[in-house]
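See below for the structure under consideration.
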Amino acid sequence: MTEDNNPGFIVVEGPIGVGKTTLARRLADSFHSDLLLEGVEENPFLGRFYQDPKSAALQTQLFFLFQRAGQISSLRQADLFQPVRIADFIMEKDRLFAELTLDAEEFKLYEQIYSHVVENMTADAPRPDLVVYLQAPVEVLRKRIQERGRHFERTLGADYLQKLSESYMRFFHNYNDAPLLIVNATELDFAHNDDDYRLLLAQIKSIKSGRHYFNPASVLELRA
């Protein structure tokens, strides 16, 4: 926590297309903080993976593993007295994707590499003071993915997004490494809807511990 009791390290997570990077950018602006973003478009194997998942899954996942570990490791060396920091991923999500995309033998190899990387690169990195987990139905995810227009995401199917969403739900059902805020992001537009964003920002500032659920749409209906 910071001196004014705001979370010192906030992570925004959720499946592809849910709006985590957009929210992370707004939070960084609000807190005047550093911003740590996944370099999705930097992965040279990602386009090949979406076209032919079996042939490029391991390369894609290992690139992300080392990229994410390097980013998280950089936090360990940062100034401990700097203000709030925002990220749009946690290290554990890498393994979540690996379980979904790799076959049994590939995953066995990945597990060995993952354990080594975590032990040597991220073991001493700071833990989040708050994780904001965004949820939305698959049809909403697909719509947002199409609207943002990344060419390599055009082949993403509903089945993959459904499995990914379910993996996130299972992961956060048992998550207790940091305070957790679960947000229904179905009707939220963090880029343009200031009312929804302000409600969520107030909630984020108020959380000190535990697990919380937030549905801004129902709050706004009560105020109407």
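A short reminder: the numbers here are calculations on the coordinates, not readings from a lab. Keep in mind it's a predicted model, so treat the numbers as computed, not measured. Here Cβ is always computed from backbone atoms with ideal geometry, including for glycine, and neighbour counts include all displayed protein chains.
Overview of values
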read-out	value
Reachable aspartates and glutamates from residue 20, criterion Cα separation under 12 angstrom, eight or more residues apart if same chain	38, 88, 189
Within the chain, helix-based [θ] at 222 nm, where runs of 4 or more DSSP H residues each add -39,500 (n - 2.57), nearest 500	-16000 deg cm²/dmol
Distance (nanometres) between label positions extended 7 Å along Cα→Cβ at residue 119 and residue 166	3.3
12 Å Cα-Cα reach of residue 108 towards aspartates and glutamates, excluding residues that sit fewer than 8 places from it in its own chain	99
HN-Hα J in Hz across the stretch 101-112 - Karplus 6.51, -1.76, 1.60, θ = phi - 60°, x for Gly and Pro	9, 9, 7, 4, 5, 5, 5, 4, 5, 4, 4, 5
Order of 133, 175 - criterion: other Cβ atoms within 10 Å of each residue's Cβ, fewest first	175, 133
Neighbour-count order for 68, 48, fewest beta carbons within 10 angstrom listed first	48, 68
Relative contact order, percent, the chain [alpha-carbon distance under 8 Å, six or more residues apart]	29
Cross-link table 143/208; 54/163; 163/205, entries beyond 24 Å C-alpha to C-alpha	143/208; 163/205
